[in-house]
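In what follows, a structure is listed as structure tokens, so that the remarks can point back to it.
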There are 2 protein chains.
Amino acid sequence: MVSIDNTALFTDRYELTMVSAALRDGTAQRPCTFEVFARRLPDGRRYGVVAGTGRLVEALAGFRFDADRLAALKEFLEPDTLTWLGDYRFSGSIDGYREGELFFPGSPVLTVRGTFAEAVVLETLVLSILNHDSAVASAAARMVSAAAGRPIIEMGSRRTHESAAVASARAAYLAGMASTSNLEATRRYGVPGAGTSAHSFTLAHTGPDGPDERAAFAAQVDALGVGTTLLVDTYDITRGVATAVEVAGTGLGGVRIDSGDLGVLARQVRAQLDDLGATSTRIVVSGDLDEYGIAALRAEPVDAYGVGTQLVTGSGAPTAGMVYKLVEVDGIGVAKRASHKESRGGRKAAVRTARDTGTIVEEIVYSADAEPPSTPGLSARPLQIPLVRDGEPVADLPTLEEGRAHLADALVSLPWEGLGLSSGDPAVPTRFVLP
Amino acid sequence: MVSIDNTALFTDRYELTMVSAALRDGTAQRPCTFEVFARRLPDGRRYGVVAGTGRLVEALAGFRFDADRLAALKEFLEPDTLTWLGDYRFSGSIDGYREGELFFPGSPVLTVRGTFAEAVVLETLVLSILNHDSAVASAAARMVSAAAGRPIIEMGSRRTHESAAVASARAAYLAGMASTSNLEATRRYGVPGAGTSAHSFTLAHTGPDGPDERAAFAAQVDALGVGTTLLVDTYDITRGVATAVEVAGTGLGGVRIDSGDLGVLARQVRAQLDDLGATSTRIVVSGDLDEYGIAALRAEPVDAYGVGTQLVTGSGAPTAGMVYKLVEVDGIGVAKRASHKESRGGRKAAVRTARDTGTIVEEIVYSADAEPPSTPGLSARPLQIPLVRDGEPVADLPTLEEGRAHLADALVSLPWEGLGLSSGDPAVPTRFVLP
């Protein structure tokens, strides 16, 4: 259904030169485990949201070095390496946190097992996808919480790379946003589509006698019906609202305000709409909203939010800071020891404990070779699920909708301070039970 | 040479519903001018760098609504609109600032002329490309200035969306970085490739007797020659450097330090290398460097920098804040009048004035229908060039290399305070000479 793009060269050059060296001395064939984790959350964030796993599994199928790509590599790789790359198919296993799972510092978000060579070449692709999508989903989840049940339309495509925009819309939907303006996200991932109207459309109805907002509204209603959302802030908002209701009637679907003091304007517009009898006409607000701006409008008569820039840029944290580290070679735990960037060797698993009420207590990261630590009086849910076996996606990968539902549940399980927007420590501590 | 991806659905839904409404009332056919500009620069930035224009012209050729895409749109568009989209070819003109040109608040970075319908549908694609690429190039140019002639390797792919990574590498090269680790950027755009080594490669050389850094270095040198760059900070840096020179000899190409206090370590490692006789071995440093971190190392014996996260995230400004506004309809200037987001109507042109010394003085934005304002004693260079005519790219579009050379010259033309990293006003003022 989805066409597979070739993803082989979304890769850093050093991964292939390392393969070249590893093929010569036999290291290439050593069984290895790589682990993806974030050393910390962005400043003050209480939790992160895993996203991109579904895209990663798709992208793996496109990780093929075809003739064109091999030709681009022969300048710096020797023939044996090129032959190996030409035959490349990932044949190992991947386990990981499902999409929509919360993560905390040190959570083993993804575990890739295979030979050194087959696993090392996936580093950049894995991190690009998870770092981008998780950054967007993590910001989006905070916005969704701040909106407290009111729908949010994702409309940030124009503020990020054109392909990143599609992935952003997907991640935002995973995190609970209602819909997206991005057409490719609707086509490719089935994210519900939405849209309002453009200032340029109103402005385009300008003639020798000046602007004609009424003609613009009439044309939009004629084409899209009275259920449409009219953009009322191109000129004077009060006049815009009056004209909108005159043209569409009291059954007008919605009005959008995209500038000014959104709280004040929402109250004024609500009162005006109610006075005009348009009591069910919805008010959509937008304009550089982030989670704090959304929260600040909680008491105002706003029916839906549009978010853009702050969503696609991760609201101050545009990348999730995940790293891809070799943790085990031939069954031996390995770790870098240089200052400030230490990591913990050995393949790991994780459980999250919870009280009877469902509220989570801590995350426990332990050696995958050991039994899970006992957690008296608390439930302990394993966090990794199988994603890829023998190089192929497992049959029952969670869907985007399932990830979305999973996150909605997971957010409810946070201790109450964990959902706050204020800066602080991770919502629950992570305990490492390692040899 | 470059395969054309389909770009038609990198578009916000409302653009197509507006086309639908505009087709019904005839607005679709009105001749229009849309203008791209940034209302302001990111906080404290002195200049912006235009990037993405070359990618945009390529992407235009892929803006085609094929049967698959039309099928995805029929749920919300009527048959006449689908027919119009199926026939869509941009047939208008585009002028703009060349890649590598500086821009300031209000600079008319791009001017799109065509019918309302054919131009309005390009809004998202245009902005996605220019906002992303310009954000990265603007940050990159500051890093290049801070590096004061030392080469910078772009290695940020893993911190951004996999396709954004390719565009980031291109924008970084435009801005003067020396090379990239991103293989697709080398293949697609000819950006010089570079790479060093991976911690995982050293760690993979661990056996029952523990780590064997020497074996890792030997394998790398065997495969890649003594000119390679060895990563010396996996374990103890001093021992790593000693082992590196023992294995490769004093002709070792370089060592890389990726953690710790880079200034202190660079001095220690330089002294050690010199003591060992490896006086020409280069020192490459990396690790969350931004323009300030690069500048802080100016007095240290660093030969090259690797930058990643801060580059691809625009060093605090991940999007350039450009907007796409309708400014003229049927020859009549139009502008939104709502609060805080006012814009200036009418099609515009711009010149940048300079003294005999080459130092620029101001940017003048004026009506494209008028003569350029006179600038006694100063040269005045027109800033827009033709990019697309009758829907087709012009024959002599500047290449990426030409854009890179142009920016290098443009940076030299800034008043000296404009190249400073400290926050401040735009390096030169913009003067609007409009009716």
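Here, each number is a calculation from the coordinates, and none is a lab measurement. For clarity, every value in this text was computed on a predicted model and none was experimentally measured. Because the Cβ atoms are built from the backbone with ideal geometry, glycine has one as well, and the counts that use them run over all protein chains shown.
Worth a mention:
- Take the Cβ atoms of B:Ala408 and A:Arg431, set R0 to 51 Å, and the FRET efficiency comes out at 0.45.
- Charges were assigned to the Cβ only: +1 to each Lys and Arg, -1 to each Asp and Glu. The resulting dipole of chain B about its Cα centre is roughly 880 debye.
- From largest to smallest, the equivalent ellipsoid semi-axes obtained for region A:255-310 from the alpha-carbon gyration tensor read 20, 10, 9 Å.
- On the basis of the beta-carbon distance and an R0 of 35 Å, B:Ser374 and B:Arg337 show a calculated FRET efficiency of 0.65.
- 10 Å-binned pair-distance histogram of chain B (Cα, whole percent): 4, 20, 26, 22, 14, 9, 5, 1, 0
- Within region B:375-409: backbone nitrogen closer than 13 Å to the B:Asp356 label point (7 Å, Cα to C-beta): B:377-379
- Shortest-first nm distances, B:Gly227 label point to equivalent points in other copies (7 Å, Cα→Cβ): 6.6
- Gaussian network model of chain A, springs between alpha carbon atoms under 10 Å - residue of A:Ala368, A:Ala178, A:Ala408 with greatest fluctuation: A:Ala368
- Among complete DSSP H helices in chain A, those whose alpha-carbon atoms stretch at least 30 Å along the helix's long axis and whose mean Kyte-Doolittle hydropathy reaches -1.0 are A:123-147.
- If you run the Gaussian network model on chain B, springs between alpha carbon atoms under 10 Å, then out of B:Ala248, B:Ala165, B:Ala304 the most flexible one is B:Ala248.
- Among A:Val166, A:Pro301, A:Val269 the positive-end extreme of the charge dipole of region A:148-315 (Cβ point charges): A:Val166
- Mean-position separation - Cα centroids, region B:244-261 and region B:197-227, in angstrom: 12
- Exam field: B:Asp80 pseudo-label spacings to other copies (7 Å along Cα-Cβ), nanometres: 6.9
- Evaluating 6.51 cos²θ - 1.76 cosθ + 1.60 at θ = phi - 60° for every residue in region A:28-45, the Karplus couplings come out as 3, 8, 5, x, 9, 10, 10, 10, 9, 7, 10, 5, 8, 8, x, 2, x, 6 Hz, glycine and proline recorded as x.
- Taken one residue at a time, the phi angles of region B:303-312 give Karplus couplings (6.51, -1.76, 1.60, θ = phi - 60°) of 9, 7, 10, x, 10, x, 3, 5, 5, 6 Hz. Gly and Pro are set to x.
- Reachable lysines, given that their alpha-carbon falls under 18 Å from the alpha-carbon of B:Lys336 and they are not under 8 places away in the same chain: B:Lys325, B:Lys348
- Taking a ≥ b ≥ c as the square roots of the eigenvalues of the Cα gyration tensor, region A:189-259 is classed as prolate, since a/c reaches at least 1.5 and a/b is larger than b/c.
- Gaussian network model of chain A, Cα within-10 Å springs - most flexible of A:Thr206, A:Thr250, A:Thr229: A:Thr206
- Sparse-neighbour loop sites [GluC sites (Glu not before Pro); region B:285-358; at most 16 other C-beta within 10 Å; DSSP]: B:Glu342
- Shielding of B:122-129 by partner chains, average beta-carbon count, 10 Å: 5
- Taking amide H atoms as placed 1.01 Å from N in the peptide plane, the amide H of B:Thr180 lies under 5 Å from those of B:Glu154, B:Gly193, B:Ala194, each 5 or more residues away in sequence or on another chain.
- Value of Rg to Rh for region B:149-313, rounded to two decimals, is 0.97; Kirkwood radius and Rg both from alpha-carbon coordinates.
- Arranged from fewest to most other beta-carbon atoms within 10 Å of their beta carbon, B:Glu118, A:Glu363, B:Glu58 become B:Glu58, B:Glu118, A:Glu363.
- Local electrostatic count, B:Ala223, Cβ distance below 13 Å [Lys/Arg +1, Asp/Glu -1]: -3
- Kirkwood estimate for region B:263-358, i.e. one over the average of 1/r between Cα atoms, Å: 18.6
- The charge dipole of the protein assembly as shown, taken about its Cα centre with unit charges on the Cβ of Lys, Arg, Asp and Glu (plus for the first two, minus for the last two), comes to roughly 940 debye.
- Amide H within-cut-off set for B:Leu110, under 5 Å, with H built and near neighbours excluded: B:Val36, B:Tyr97
- Amide H contacts under 5 Å for B:Val327, placed H, 5+ residues apart: B:Thr33, B:Phe34, B:Glu35
- Here is the result for region B:391-435: no GluC sites (Glu not before Pro) lie in DSSP coil with at most 14 other C-beta atoms within 10 angstrom of their C-beta.
- The P(r) of region B:318-377 has a tail past 18 Å containing 53 percent of all C-alpha pairs.
- Rounded if a/c under 1.5, otherwise prolate or oblate - region A:290-435, Cα gyration tensor axes: prolate
- The same position A:Ser422 in the other copies lies at 3.6 nm from this copy, comparing label points 7 Å beyond Cα toward the beta-carbon, shortest first.
- Stokes-Einstein D for the protein assembly as shown, Kirkwood Rh over Cα pairs, 10 °C, 1.306 mPa s (µm²/s): 56
- Placing +1 on the Cβ of every Lys and Arg and -1 on the Cβ of every Asp and Glu, with nothing else charged, gives region A:70-144 a dipole about its Cα centre of roughly 280 debye.
- B:Phe34, A:Phe103 arranged by Cβ crowding within 10 Å, fewest neighbours leading: B:Phe34, A:Phe103
- Per-residue Karplus couplings for region B:349-362, computed as 6.51 cos²θ - 1.76 cosθ + 1.60 with θ equal to phi - 60°, are listed in order as 10, 8, 10, 10, 8, 8, 7, 4, 5, x, 5, 7, 10, 7 Hz, Gly and Pro entered as x.
- Computed from the C-beta positions of B:Val226 and A:Ala67 and an R0 of 45 Å, the FRET efficiency is 0.90 to the nearest 0.05.
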